[in-house]
1. Just checking, how many residues over region 33-48 are assigned to a helix (DSSP H, G or I) and surrounded by 10 or more Cβ atoms within 10 Å (Cβ to Cβ)?
2. If I filter region 49-94 down to residues being exposed (fewer than 11 other Cβ atoms within 10 Å of the Cβ), in a loop (DSSP other than H, G, I, E, B) and of a type in the set (Phe, Trp, Tyr), which single residue comes out as modelled with the highest pLDDT?
Amino acid sequence: MSQNFTKFAFTKSVKEAQAQYGSRKSYARMEESGDRSVLTETEIPFIESRDSFYMATVGENGWPYVQFRGGPIGFLKILDNTTLGFADFSGNRQYKCHQESILVPD
């Protein structure tokens, strides 16, 4: 994702709720910090030490799907500072996340 997620996540109503509950100031700073879409030395060791993660996709019908992925420590790899790779161990053979990741245009 090449844009800061706050551009999509912090809608007008979300910003209003943040203001009401006192967190708007800190999240405004996050928005002003600009885009950061690369992995850094902070995230890399954490990711490399995982034995599982959750992957979310959205199907062509717009329906979200979250799937657990697991394996031995190290199965989740850092391919470069914007790309993760993982061993795809046989699961329930639905191929939902696989197909949805192919259908999404860049």
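1. Adding up the residues that qualify gives 3.
2. Among those that are exposed (fewer than 11 other Cβ atoms within 10 Å of the Cβ), in a loop (DSSP other than H, G, I, E, B) and of a type in the set (Phe, Trp, Tyr), it is Trp63.
The values are calculated or read from the model by the stated rules, or taken from the named source; none is laboratory data. Everything numeric in this text was worked out from a predicted model, so none of it was measured. All Cβ positions, glycine included, derive from the backbone under ideal geometry; neighbour counts span all protein chains shown.
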